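This report refers to the structure that appears directly beneath it.
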Amino acid sequence: MSSGRILVVDDEPSVRESVGYALAQDGFDVDVARDGDEASEKVAGEVVPYDLLIVDIMMPGPSGLDICREVRSRSAVPIILLTAKDAEVDKVVGLEVGA
């Protein structure tokens, strides 16, 4: 039985796999995207088909911030940004775009 549907977006395979595996072990239905373009395709349409998005900020194609802006313009689905960045400004920008 699934606890919810989660999209994990990261260009680093080891991150996608480890985060996805951990969530699947906890009973979540996990879908993955390897870059911003694939993520945009998966969240396109009127309704975002996920209960949560976990998105890397720095990746090929649209960035995680771009994905966040795109989704937030039409959905209140929770978004968690994954990043190696730790500057205060990066946290503020992430919150400003809806994460």
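The values are calculated or read from the model by the stated rules, or taken from the named source; none is laboratory data. Everything quoted here is computed from the prediction, not taken from an experiment. Positions of Cβ are generated from backbone atoms using ideal geometry, with glycine treated the same way; all protein chains shown enter the neighbour counts. For accessibility, only protein heavy atoms count, side chains too; no ligands or nucleic acids. Shrake-Rupley method; radii C 1.70, N 1.55, O 1.52, S 1.80 Å.
Observations on the model:
- If you go through segment 1-28 and keep only what is in a loop (DSSP other than H, G, I, E, B) and either under 12 Å from the mean Cα position of the chain (by Cα) or under 14 Å from residue 50 (Cα atoms) (or both), you end up with 2, 3, 4, 10, 11, 28.
- Checking residue 67 against (1) open to solvent by 30 Å² or more (accessible area, probe 1.4 Å); (2) part of a helix (DSSP H, G or I); (3) touching a Ser or Thr at 6+ places or on another chain (Cβ under 8 Å), the condition it does not meet: (1)
- Selection count, segment 42-59, where residues are at pLDDT 90 or above and open to solvent by 30 Å² or more (accessible area, probe 1.4 Å): 5
- Test for residue 32: is it surrounded by 12 or more Cβ atoms within 10 Å (Cβ to Cβ), in contact with a Cys (Cβ under 7 Å, 6 or more places away or on another chain) and outside any helix (DSSP H, G or I): no
- Count - residues of segment 70-87 that are in contact with a helix residue (DSSP H, G or I) (Cβ under 6 Å, 6 or more places away or on another chain) and either more than 12 Å from residue 8 (Cα to Cα) or part of a loop (DSSP other than H, G, I, E, B) (or both): 1
- So residue 91, is it over 10 Å from the mean Cα position of the chain (by Cα), modelled with pLDDT under 90, among the basic types (Lys, Arg) and not in a loop (DSSP other than H, G, I, E, B): yes
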